[in-house]
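Peer 1: Let me give you the structure first, and then I'll get to my questions.
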Amino acid sequence: MKVSQMPYARVDVDETCKKIDEFIHAFKNAESAEEQLALDVEIGKLTEEVETNMTLASIRFTQNTADKFYQAEKDYYDEKTPELEVKLRELDKCYLESKFIDELKNRIPESYFINARMANETVDNRIIDQLTQENKLITEYTKIMSSVLVEFKGNKYTLSQMTSFNHSPDRKERKQACIATGKAMNSVAGQLDEIYDKLVEVRTLIAKKLGFKSFSEVAYRRLGRNCYDQFDVAKFRDNVRKYVVPLICEIKQKVAADNGIRKLALYDNDIYSSSDVKPVGDAEQIFASGRKMYGEMHPDTAKLFSAMEQAEAFDLLSRENKWGGGYCTGLPEYKIPFIMSNFNGSLGDVDVLTHEFGHALESYYSYLVTPPSMRGSITMDTCEVHSMSMEFFAYKWMDLFFGDKKQDYIYNHVAGAICFIPYGTIVDFFQQTAYDYYNNGKKDRNIFWSDIEGEFLPYMSSKGLPYFNTGRRWQMKAHIFETPFYYIDYCVAQMTAFQFLALMREDYDAAFEKYLQFLKIGGTKTFLETVEEVGLISPFEEEAFKKVTDTVRKILGLKN
């Protein structure tokens with residue numbers, strides 16, 4: 001069935017909560033583990049139905065944030081899902097307190113129980129009003145960002161469409177595009193400052209009501225950080241300073257020299273060579289190349305791509321009022337993933353396609369092997385390894401997308417991937433500071449962002465650029481508003497994915513088999529257990545940084 005034809009019915013949250021209460025009563029009164037496991041299957045069917053309908057509503061809202069019907073559905077879920085979350089945590093508690101827990105653990109992964117304990121610490125009836133307020137503020141942010149239009153060269157562009165100019169070989173055009181974007185963002189900057197201020201306030205209140213000192217502790221539990229903590233992330237940050245920042249300064253010095261630039265500015269940030277690297281052909285041709293690539297990569301990738309194409313489970317073109325990012329989500333009742341993107345003619349179109357298909361492939365295996373009620377056990381750090389590694393495994397087919405500029409693309413992609421890590425690190429650092437020092441005002445946050453940009457991105461200047469020179473670039477990163485503390489997952493995962501790239505250079509087929517092994521573990525183990533299981537190095541260790549930076553230097557032809 002095509003995604004557009006899938007029937008949608010609003011989830012009656014009150015009725016669903018009653019059904020969960022019935023399951024809780026039956027679960028508690030079960031006389032054996034087998035009886036509880038049979039109930040688990042029925043619980044899985046209910047959660048699949050609920051998840052599918054809520055996901056359909058979300059997809060259709062992001063496809064057109066101006067759609068009145070799905071706006072109303074989004075508002076409804078913003079209001080009601082906190083109640084559902086509380087009820088689901090009560091259900092989790094039944095598993096945790098089962099008198100047959102030892103027998104359950106023979107059938108249900110330990111990681112589920114670890115995550116369930118953490119999740120139970122983040123939801124309580126006392127914070128339902130705050131959770132609802134948090135949802136509404138996030139939706140307000142999404143609507144504002146989706147509505148921003150940039151006037152440039154006689155046309156109006158969405159923020160997503162404007163990113164295509166970041167790769168222009170014409171430096172003057174890049175600068176003008178950056179200035180135009182800044183002027184458009186200035187019109188909403190005050191509103192976004194206010195929304196984030198309210199989010200910090202409401203999230204801090206959530207933390208206090210739950211008995212935590214800071215919302216950062218809540219966020220780590222929400223994200224299922226079950227094998228590392230803030231101290232490990234601080235260690236990661238130190239390793240980024242020590243190993244990655246110096247390497248990036250070398251890369252950027254070479255970029256400046258190759259392009260005749262005396263001082264790199266923000267609008268030079270996505271340029272890694274003097275070559276203009278664009279995909280061959282339009283969006284339709286990029287998609288056709290993706291079909292061919294995944295048809296050849298592996299039988300499972302071929303089967304999945306074909307199924308998604310038949311279901312029209314790709315929405316790739318940018319348009320007005322469409323949510324500006326890219327994502328992959330799943331529709332469990334139909335066992336099909338869905339990918340959204342905003343193609344704009346840049347090499348980023350290929351990156352998004354390969355990245356999100358890595359997530360889709362994990363969903364494919366999850367639907368095959370993971371019980372419905374346990375699929376949530378997989379954490380985002382693990383998931384991002386799936387997607388970022390797929391970007392590297394796709395190198396073998398890049399001639400389809402870039403013709404004789406395949407090697408130029410690979411150079412740009414590797415440079416871009418390593419240069420991303422300090423930026424991703426400061427996104428996390430910014431949030432850690434915003435919530436741990438929640439009394440800081442709007443101006444203090446913007447000053448702090450400017451300071452850490454100078455520390456982790458010392459080669460780059462925002463001087464003289466409207467909006468960006470005010471320390472507000474963080475406002476354009478949706479994760480800061482929508483999924484706090486998620487962004488460090490990208491950095492940790494990127495350091496892990498780079499290890500697959502190193503293995504690919506030795507033996508592609510063996511590396512790909514190891515990658516499939518990593519995928520199929522899913523959420524049955526923690527992130528670090530999964531890394532260890534396939535023989536990779538923890539991304540928090542200096543050894544991993546040494547290995548990755550050495551690999552990058554070799555690929556980019558830099559001296560040690």
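The values are calculated or read from the model by the stated rules, or taken from the named source; none is laboratory data. Bear in mind that the values here come from a model prediction, so they are computed numbers and not experimental data. Cβ: placed from backbone, ideal geometry, glycine included. Neighbour counts: every protein chain shown. Surface areas here come from the heavy atoms of the whole protein model, side chains and all, with no ligands, DNA or RNA. Shrake-Rupley method; radii C 1.70, N 1.55, O 1.52, S 1.80 Å.
Peer 1: For the range 209-236, enumerate the residues that are farther than 22 Å from Cys383 by Cβ and under 19 Å from the mean Cα position of the chain (by Cα).
Peer 2: Passing the criteria: none in range.
Peer 1: Okay, next question. Take the range 315-340 and flag every residue that is open to solvent by less than 10 Å² (accessible area, probe 1.4 Å) and in a loop (DSSP other than H, G, I, E, B).
Peer 2: Of everything in the range 315-340, those that are open to solvent by less than 10 Å² (accessible area, probe 1.4 Å) and in a loop (DSSP other than H, G, I, E, B) turn out to be Lys322, Pro332.
Peer 1: Being open to solvent by 20 Å² or more (accessible area, probe 1.4 Å) and either among the acidic types (Asp, Glu) or under 16 Å from Ile144 (Cα atoms) (or both) is the filter here; which residues of the range 479-495 pass it?
Peer 2: Those that are open to solvent by 20 Å² or more (accessible area, probe 1.4 Å) and either among the acidic types (Asp, Glu) or under 16 Å from Ile144 (Cα atoms) (or both): His479, Glu482.
Peer 1: Out of all the residues in the range 149-160, is one or more at pLDDT 95 or above and either among the aliphatic types (A, V, I, L, M) or within 23 Å of the chain's Cα centre (by Cα) (or both)?
Peer 2: yes
Peer 1: Within the bounds of the range 52-62, is there any residue that is of a type in the set (D, E, K, R), touching a residue at least 60 places away in the same chain (Cβ under 8 Å) and either in a helix (DSSP H, G or I) or open to solvent by 20 Å² or more (accessible area, probe 1.4 Å) (or both)?
Peer 2: No: zero hits.
Peer 1: Looking only at the range 341-360, which residues are within 30 Å of Gly44 (Cα to Cα) and not in a helix (DSSP H, G or I)?
Peer 2: Ser341
Peer 1: Could you please find all residues in the range 420-460 being touching a Gly at 6+ places or on another chain (Cβ under 7 Å), surrounded by fewer than 21 Cβ atoms within 10 Å (Cβ to Cβ) and within 17 Å of Val200 (Cβ to Cβ)?
Peer 2: Listed by number, the residues that qualify are Asn446, Ile447.
Peer 1: If you check Leu192, Leu247, which single one turns out to be under 23 Å from the mean Cα position of the chain (by Cα) and at pLDDT 95 or above?
Peer 2: Checking each option against the conditions leaves just Leu192.
Residues are listed down the side, and each one gets a yes or a no for (1) without any contact (Cβ under 8 Å) to a residue 12 or more places away in the chain; (2) assigned to a loop (DSSP other than H, G, I, E, B):
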position	(1), (2)
Cys383	no, no
Met388	no, no
Trp397	no, no
Val414	no, no
Phe420	no, no
Gln431	no, no
Tyr438	no, yes
Asp444	yes, no
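Peer 1: Take residues that are open to solvent by 20 Å² or more (accessible area, probe 1.4 Å) and over 30 Å from Lys183 (Cβ atoms) and tell me which of the helices (runs of 4 or more DSSP H) falling wholly in the range 103-172 contain 1 or more.
Peer 2: 110-120, 128-147
Peer 1: Another one. With the condition kept exactly as written, say whether any residue in the range 166-176 is among the hydroxyl-bearing types (Ser, Thr, Tyr) and under 21 Å from Ala415 (Cβ atoms).
Peer 2: yes
Peer 1: Any chance you could count how many residues in the range 509-522 are open to solvent by 50 Å² or more (accessible area, probe 1.4 Å) and touching a residue at least 40 places away in the same chain (Cβ under 8 Å)?
Peer 2: The number of residues fulfilling the criteria is 1.
For (1) touching an Asp or Glu at 6+ places or on another chain (Cβ under 9 Å); (2) within 23 Å of Tyr157 (Cβ to Cβ); (3) assigned to a helix (DSSP H, G or I), each residue gets a yes or a no:
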position	(1), (2), (3)
Ala219	no, no, yes
Arg241	yes, no, yes
Ile251	no, no, yes
Val255	yes, no, yes
Asp258	no, no, yes
Gln285	no, yes, yes
Ser306	no, no, yes
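Peer 1: Surrounded by 15 or more Cβ atoms within 10 Å (Cβ to Cβ), hydroxyl-bearing (Ser, Thr, Tyr) and not in a helix (DSSP H, G or I): is that true of Tyr272 in this structure?
Peer 2: So Tyr272 passes the test.
Peer 1: Separate question: For Pro458, state whether it is over 23 Å from Met185 (Cα atoms) and out of contact with any strand residue (DSSP E or B) (no Cβ under 6 Å at 6 or more places or on another chain).
Peer 2: Taking the combined requirement at face value, the residue satisfies it.
Peer 1: Which numbered condition in (1) closer than 24 Å to Gln133 by Cβ; (2) at pLDDT 95 or above; (3) of a type in the set (Asp, Glu) is the only one that Glu22 fails?
Peer 2: Of (1) closer than 24 Å to Gln133 by Cβ; (2) at pLDDT 95 or above; (3) of a type in the set (Asp, Glu), only one is false for Glu22: (1).
Peer 1: Here is a follow-up. Restricting the range 293-302 to residues that are touching a residue at least 12 places away in the same chain (Cβ under 8 Å) and not hydrophobic (A, V, I, L, M, F, W, C), which is most open to solvent (accessible area, probe 1.4 Å)?
Peer 2: Selected residue: Glu296.
Peer 1: For the range 8-22, which residues satisfy the criterion of being open to solvent by 70 Å² or more (accessible area, probe 1.4 Å) and either farther than 28 Å from Asp75 by Cα or not in a helix (DSSP H, G or I) (or both)?
Peer 2: Arg10, Asp12
Peer 1: Give the residue that is most open to solvent (accessible area, probe 1.4 Å), with candidates limited to residues of the range 23-42 that are part of a helix (DSSP H, G or I) and over 15 Å from Ile101 (Cβ atoms).
Peer 2: His25
Peer 1: Filter the range 72-94 down to residues that are over 14 Å from Thr16 (Cβ atoms) and not charged (D, E, K, R) and give me whichever is most open to solvent (accessible area, probe 1.4 Å).
Peer 2: It comes out as Ala72.
Peer 1: Among the residues that make up the range 276-286, is at least one of them open to solvent by 20 Å² or more (accessible area, probe 1.4 Å), at pLDDT below 95, of a type outside the set (Val, Ile, Thr) and in contact with a strand residue (DSSP E or B) (Cβ under 8 Å, 6 or more places away or on another chain)?
Peer 2: Within the range 276-286, one or more residues are open to solvent by 20 Å² or more (accessible area, probe 1.4 Å), at pLDDT below 95, of a type outside the set (Val, Ile, Thr) and in contact with a strand residue (DSSP E or B) (Cβ under 8 Å, 6 or more places away or on another chain).
Peer 1: Now, a different point. Could you pull out the residue among Lys559, Lys525, Lys463, Lys546 that is open to solvent by 40 Å² or more (accessible area, probe 1.4 Å) and either under 20 Å from Phe236 (Cα atoms) or assigned to a helix (DSSP H, G or I) (or both)?
Peer 2: Lys546 is the lone residue from the list that is open to solvent by 40 Å² or more (accessible area, probe 1.4 Å) and either under 20 Å from Phe236 (Cα atoms) or assigned to a helix (DSSP H, G or I) (or both).
Peer 1: Next question, about the same structure. Being buried (at least 18 other Cβ atoms within 10 Å of the Cβ) and free of Cβ contacts under 8 Å to residues at least 60 places away in the same chain is the filter here, so list the residues in the range 215-232 that pass it.
Peer 2: Selection gives Glu217 alone.
Peer 1: Just one of Leu368, Leu400 is over 17 Å from the mean Cα position of the chain (by Cα) and surrounded by fewer than 20 Cβ atoms within 10 Å (Cβ to Cβ); which is it?
Peer 2: Leu368 is the lone residue from the list that is over 17 Å from the mean Cα position of the chain (by Cα) and surrounded by fewer than 20 Cβ atoms within 10 Å (Cβ to Cβ).
Peer 1: Can you tell me which residue is surrounded by the most Cβ atoms within 10 Å (Cβ to Cβ) among those in the range 173-214 that are basic (Lys, Arg) and in a helix (DSSP H, G or I)?
Peer 2: My answer is Arg203.
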